[in-house]
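Worksheet: one structure, shown below.
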Amino acid sequence: MTPQAALNTSRLGEVRTDWSLDEVRALLALPFADLLFHAQRVHRQFFNPNEVQISTLLSIKTGACPEDCAYCSQSIRFETGLKSEPLMDIEAVLEKARVAKANGATRFCMGAAYRSPKPKQLAQIAEMVKAVRGMGMETCVTLGMLNAQQAQQLKDAGLDYYNHNLDTSESHYSKVITTRTYQDRLDTLEAVRAAGINVCCGGILGMGETQLDRAQLLHTLATLAEHPQSVPINQLMQVPGTPLYGAAKIEPLEFVRVIAAARLLMPRSHVRLSAGRSEMSEETQALCFLAGANSIFYGDKLLTTENPEEHQDRDLFNRLGITAEAPRTHSAEHQHCGLAAAS
Ligand code: SAM
Ligand code: DTB
Ligand code: SF4
């Protein structure tokens, strides 16, 4: 059977975890207008198409990471010129969260350059999660590998989301990372899910992968036991000194196709247009929103690299008539968001 023959477009909009790889390939190969039409139609079935969820990132522990992820500024193995910083103290983190909230973010995502957190580090981060949640923000952390007990500790602290990306297809993976396996990643995702924490899991495009690798990554995500509640699609931020610096860039319309396919494969999930927006035109970003992206990182820094400036995003949202989505995991009293509404 050809991939095209595998696709039954009348079933689009069903929440399914039994997608075949051929169906995923067929979606990615649709004529662009058809792909975007279906993606927008399904998006409207599950979401307000003019609302975007707003997260702000903070690197709470920067650099000196023992892992060898070939894209990353924070690996100790590459000369990237990044200054390492120890785990921030809780007051400094809370100050950043207050600023993010005042600027309109509803979720605060804290990232640490760990392979896996040590008990003392996890205890400190659990306190940060409790305190940020106490401010009325949703919380997300990304700390590397977790076992079931570590996931439970974060759940007990009130954590809303754990980010752990598959990054790429299983077959391309060993060209990017050698210090932990694909199965390690799947095991962490399962520990997080089993603890009842929302899963944030996606990947990076522009790491020398093929179209088939992209289809395989989407297929793995969409056939997990449960779809990740949040699916970040990153475009590689090329960092001088990392092995992937200089990799062939993904063509913008290909990037939009992956967003649209993610929307169709995981209709109830938030699809985040993540790293790489600072290098995208506003038109490409608008196409991504049309294709069903409904979450972004807001704030002029990601973890260690650039993001669009806040005034640029506010201006773009105003021109697109996009407003901030109220958090879904918190009570109504926390649902006000300060990001400028469409004028
Ligand atoms: N150290 C933890 C880990 O890797 O699991 C958490 C932090 S790590 C920086 C979180 C994710 O950021 C990575 O899994 C990767 O998907 C993404 N990321 C890191 N560097 C990136 C880059 N240069 N461009 C795009 N995404 C990147
Ligand atoms: C995700 O998928 N993207 C974010 C977040 N999860 C942790 C990280 C992007 C990092 C981009 C490179 C940097 O700023 O160091
Ligand atoms: Fe370390 Fe995470 Fe960067 Fe990999 S992506 S080198 S684990 S900080």
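Worth a mention:
- Note on the stretch 265-278: residues that are of a type in the set (S, T, N, Q) and either within 16 Å of ligand 1 (Cβ to nearest atom) or surrounded by fewer than 24 Cβ atoms within 10 Å (Cβ to Cβ) (or both) total 2.
- Exactly one residue out of G81, G104 is touching a residue at least 60 places away in the same chain (Cβ under 8 Å) and away from ligand 1 (no atom under 16 Å from the Cβ): that is G104.
- Members of the stretch 124-153 that are small (G, A, S) and either free of Cβ contacts under 8 Å to residues at least 24 places away in the same chain or within 14 Å of ligand 1 (Cβ to nearest atom) (or both): G134, G144, A151
- Count - residues of the stretch 162-175 that are in contact (Cβ under 8 Å) with a residue 12 or more places away in the chain and open to solvent by 20 Å² or more (accessible area, probe 1.4 Å): 5
- Qualifying residue in the stretch 256-264 (condition: open to solvent by 20 Å² or more (accessible area, probe 1.4 Å) and under 23 Å from D213 (Cα atoms)): yes
- Complete set of residues in the stretch 67-82 that are of a type in the set (S, T, N, Q) and within 19 Å of the chain's Cα centre (by Cα): S73, Q74
- Within the stretch 35-78, the set of residues being away from ligand 3 (no atom under 16 Å from the Cβ), touching an Asp or Glu at 6+ places or on another chain (Cβ under 9 Å) and under 17 Å from V141 (Cα atoms) comprises Q53, I54, S55.
- Unmet criterion (only one of (1) under 22 Å from G206 (Cα atoms); (2) more than 16 Å from ligand 1 (Cβ to nearest atom); (3) acidic (D, E)) for E91: (1)
- Among residues of the stretch 83-112 being among the charged types (D, E, K, R) and within 30 Å of N318 (Cα to Cα), the one that is nearest to the chain's Cα centre (by Cα) is R107.
The values are calculated or read from the model by the stated rules, or taken from the named source; none is laboratory data. All figures in this text were calculated on a predicted structure; none of them were measured in a lab. Virtual Cβ from ideal backbone geometry, glycine too; neighbours counted across all protein chains shown. Please note that ligands, DNA and RNA were not included when accessible areas were found on the heavy atoms of the full protein model with its side chains. Shrake-Rupley method; radii C 1.70, N 1.55, O 1.52, S 1.80 Å.
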